[in-house]
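Beneath this line is the structure, given in structure tokens, with notes to follow.
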Amino acid sequence: MDSSPSKKVWLKFKRNKFAFGGLVFILLLMVMGILGYLIMPDDSPNANVQKVQIAKQKPGAQFKFLIIERYDHIEKVGLFERMLNGQTPTFKSIPITSYKIKGKDVFVQEYIGEDEKAKETRYELKDLCPSCVLPSKIGTPQALFKENNIYTHTYILGTDIYGRDLLSRLILGIRVSLSVGLMAVLISLFIGVSLGAIAGYFGGRVDAAISWFMNVVWSLPSLLLVIAISFALGKGFWQIFIAVGLSTWVDVARLVRGQVMALKEVEFVEAARALGFSTGRTIIKHILPNIAGPILVVASSNFASAILLETGLSFLGFGAQPPMPSWGSMIKEHYGYIIMDAAYLAVLPGLAIMFTVYAFNVLAIGLRDAFDVKGQNVTV
């Protein structure tokens, strides 16, 4: 039986059902975020196909669409490029309630609302479906037209105020939130581990200067600090990585400083010094691996904080800019409908934020218990 420390940590972590469930939920979100456009009903860039006629439709709404124009100049992209950036729409369609073919014309009744009825619009059959007017052994013009120009689409979670598919934008919002959280945590780990390790190892004036700087940053409210950094860097998706990362490194630095101060006098560190190893090698190869557990705990906790900061900034207009979907901006666009008959427009992204942050928090608690990290050293 494998009795290695990592095996024991894993077995102890699995016994915490909430933490293990949180890990499974996060892995599921990661898979959905990576696949992105491949699993979205609307795979256009930023899931931004707008059909204002069907705005604010309830979850499960189904509509019939007529393709009225095809864009032959737009090429189909490869699988990998589609997964990353989506596929530019190759046709234009409109929602309809009915259609009929009379001779060489098509009469269409467009959908303009539940309580309104539009006048019939006439299209020439050859303009919408050139193959329908050619002699064919495959089927009648009606059958060919239905096959080539008519399709139905079900909006599983409904549509937003611009008639965009809400499920697609929620899935793409996963990519925004997790990527911001990941990059922000990596930035905070790099700065926090570096400054914390230097302060804890050298002590003295170096420790006093770095601790003073940490206390100054610590005293500033995170959201205000991120907003100030965003003002300096500008609005945008990439700027938010840096802004959130620069505001969450203090937790890591304080933790690493305390752990390094406790470990720098133990025997294996003294042995490394006696063997003439450099300070950098002593810290990186001998001290930091022994505090990986507490660092993982604070990193998972900071991941949740980074997601909350990102959604807060997007709600205020400093985060991901339209039309890029973000859970925070989706709440901003729809929070006024909470007291109306379309509360789901704001509730669904709010639930996505809540469950994601909760999953990272229970993961952090599970890691803390598995690594047996003392509560006073790590804030979760």
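The values are calculated or read from the model by the stated rules, or taken from the named source; none is laboratory data. Nothing here was measured: the structure is a model prediction, and the numbers come from that model. As a convention, Cβ positions derive from the backbone with ideal geometry for all residues, glycine included, and neighbour counts pool all protein chains shown. Surface accessibility is based on the protein's heavy atoms, side chains included, excluding ligands, DNA and RNA. Shrake-Rupley method; radii C 1.70, N 1.55, O 1.52, S 1.80 Å.
Residue by residue through segment 107-124, note down the ones that are touching a residue at least 40 places away in the same chain (Cβ under 8 Å), open to solvent by less than 60 Å² (accessible area, probe 1.4 Å) and not in a strand (DSSP E or B).
Across segment 107-124, the qualifying residues are Tyr111, Gly113.
Ile229 is checked against (1) in contact (Cβ under 8 Å) with a residue 40 or more places away in the chain; (2) open to solvent by less than 60 Å² (accessible area, probe 1.4 Å); (3) within 30 Å of Asn85 (Cβ to Cβ); (4) among the aliphatic types (A, V, I, L, M) and fails just one. What number does that condition carry?
All conditions are met except number (1).
For the structure I just gave you, tell me whether Ser326 is open to solvent by 10 Å² or more (accessible area, probe 1.4 Å) and touching a residue at least 24 places away in the same chain (Cβ under 8 Å).
no
Step by step: first the residues of segment 335-356, then only those that are aliphatic (A, V, I, L, M) and in a loop (DSSP other than H, G, I, E, B), then the one that is surrounded by the most Cβ atoms within 10 Å (Cβ to Cβ). Which residue is that?
Ala342
Picking from Val216, Val185, Val176, which residue would you name as being open to solvent by 40 Å² or more (accessible area, probe 1.4 Å), at pLDDT below 95 and not aromatic (Phe, Trp, Tyr)?
Within the list Val216, Val185, Val176, the selection yields Val216.
Any chance you could count how many residues in segment 267-317 are surrounded by 13 or more Cβ atoms within 10 Å (Cβ to Cβ), without any contact (Cβ under 8 Å) to a residue 24 or more places away in the chain and acidic (Asp, Glu)?
0
Out of segment 1-44, which residues are open to solvent by less than 50 Å² (accessible area, probe 1.4 Å) and either within 30 Å of Gly78 (Cβ to Cβ) or of a type in the set (Ser, Thr, Tyr) (or both)?
If the condition is that a residue be open to solvent by less than 50 Å² (accessible area, probe 1.4 Å) and either within 30 Å of Gly78 (Cβ to Cβ) or of a type in the set (Ser, Thr, Tyr) (or both), then Ser4, Ile26, Leu29, Gly33, Gly36, Tyr37, Met40, Asp42, Asp43, Ser44 are the ones that fit.
If you take the residues of segment 125-178 that are assigned to a loop (DSSP other than H, G, I, E, B) and of a type in the set (Lys, Arg), which of them is nearest to Met30 (Cα to Cα)?
Arg164
Among the residues of segment 367-380, are any in a helix (DSSP H, G or I), among the small types (Gly, Ala, Ser) and under 25 Å from Lys7 (Cβ atoms)?
yes
When you check Ile94 against the structure, is it open to solvent by less than 50 Å² (accessible area, probe 1.4 Å) and outside any strand (DSSP E or B), yes or no?
So Ile94 does not fit the description; no.
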